[in-house]
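**Student:** Okay, handing you the structure first.
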Amino acid sequence: MASNYDATEFIDGDFETHKTAHSAAIGASAAQRAPMLEELELQRAEQHRQLAELKREKEERERKLAALEETRRRQIEFQTGRKEILQNLTRGVGLLEEAEFNSRRDAEQMAKALVELRDSLAKVERIQEETWSKDTGDVELTRALTAIENARLEWNSNRLKFPLLSGPTPEVASTVTPETKPSLFNEQLSLWQLCRLGLALTWPLAIVAVLGVAALLALAMRR
């Protein structure tokens, strides 16, 4: 009777083990071998690509940073400029409003003074000495002196208000000689005429004295 066939009986176990170990050693040797030129070129190209990508990313970041810095600079310039121009405009408006008010007030005062000066000028120009009669000469002379003193008071008052009136004035040559003095001081006047003449002559001085006392009182109150 024939025995059963066993295929493993013809396989050398030691040989198979040695063959497997040899194959593994060849595979490990292939894995540890130096890369070929093609592989190096591929690795080099990959490194260049990554480096270019990093450079591009760096440039993009620098561009964004520069844009942010420019925006920040413009914001600072805007805030600083706005604050400065608001201060200048506010100050300018205040100064011009005050100047406009003062100019309008001065113009109103000047217009009023102009009317008063024209009125005084008309009164002085209306004095016609040649029309005085012997009977009314003293009265007319008193009126004329009063008008002149009132005009002088008006003139001096406006000179204080408007410095431009204090400029050089033409000299008026005196034509009165000791022999040609007005007869007012050579003739006997009544008490009433003397009182009126004295009032006409001293009224401006009294006004000036009152104004001086008022100014001194105002100065003392300020202190």
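Read-outs: derived from the displayed coordinates by stated rules, not from any lab. Being a predicted model, the structure only gives us computed values, none of them experimental. Please note: Cβ atoms are built from the backbone with ideal geometry, for glycine as well, and neighbour counts cover all protein chains shown.
**Student:** If the chain between A107 and R44 were fully stretched, how many nm would it gain, using 0.36 nm times the residue separation less the Cα-Cα distance?
**Tutor:** Full extension from A107 to R44 adds 13.6 nm.
**Student:** Can you give me the distance in nm between label points at I127 and A52, each placed 7 Å from the Cα along the Cα-to-Cβ direction?
**Tutor:** 11.0 nm
**Student:** Still on this model: Could you tell me which trypsin sites (Lys or Arg not before Pro) in the range 125-154 are loop residues by DSSP with no more than 11 other beta carbons within 10 angstrom of their beta carbon?
**Tutor:** The qualifying sites are R126, K134.
**Student:** Continuing with this model, one more query. Give the order of M110, M36 when sorted by the count of other beta carbons within 10 angstrom, beginning with the fewest.
**Tutor:** Final ranking by Cβ density, sparse to dense: M36, M110.
**Student:** Let me know the volume per residue of the alpha-carbon convex hull for the range 40-126, in Å³.
**Tutor:** Working: hull volume 6.8 nm³, N = 87.
It is 79 Å³ per residue.
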